[in-house]
Amino acid sequence: MTKKSIWLMILTAFVISVVIVFGSMTAMVTNPEPETFESTETATTQTDVIFVLRTWDDHLGLFRGDSETPYSEIDMPLYLLTEHDRKMLDQGIKAQNEDELRTLVEDITS
């Protein structure tokens, strides 16, 4: 391979790289935020649901909204919790969504 063909190959690779970089930058400038496909109905429904973690028959219960019966139970002896945690759980600890509830359960049970 001659020096001329090597330089031509390097120059071609450089030009292609520059075109790709500028093309990507142009796409980011014209469309800076990714599209979200979540419907407003789903978003409204998720904010209306409040979850509650509280004591239920000597263990923990997960409740939706104002329900009197838990949709799920956690078999954890309450004596393992601090007095402060037990008082909070007797009143019920609210979470706005399932992720917040999951974090709350992890904090209480660990």
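The values are calculated or read from the model by the stated rules, or taken from the named source; none is laboratory data. Computed from a predicted model, the values in this text were never measured in an experiment. Here the Cβ is made from the backbone with ideal geometry for all residues, glycine too, and neighbour counts use every protein chain on show.
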In region 93-109, which residues are more than 16 Å from H59 (Cβ to Cβ) and among the hydroxyl-bearing types (S, T, Y)? T103
Between E98, E83, E41, which is surrounded by fewer than 12 Cβ atoms within 10 Å (Cβ to Cβ), among the charged types (D, E, K, R) and modelled with pLDDT under 90? E41
Name every residue in region 58-74 that is closer than 17 Å to V105 by Cα and not in a strand (DSSP E or B), in order of residue number. D58, G65, P70, Y71
Look at D58 and say whether it is at pLDDT 60 or above and exposed (fewer than 12 other Cβ atoms within 10 Å of the Cβ). yes
Hey, any hits in region 21-29 for a residue that's at pLDDT 70 or above and assigned to a loop (DSSP other than H, G, I, E, B)? no
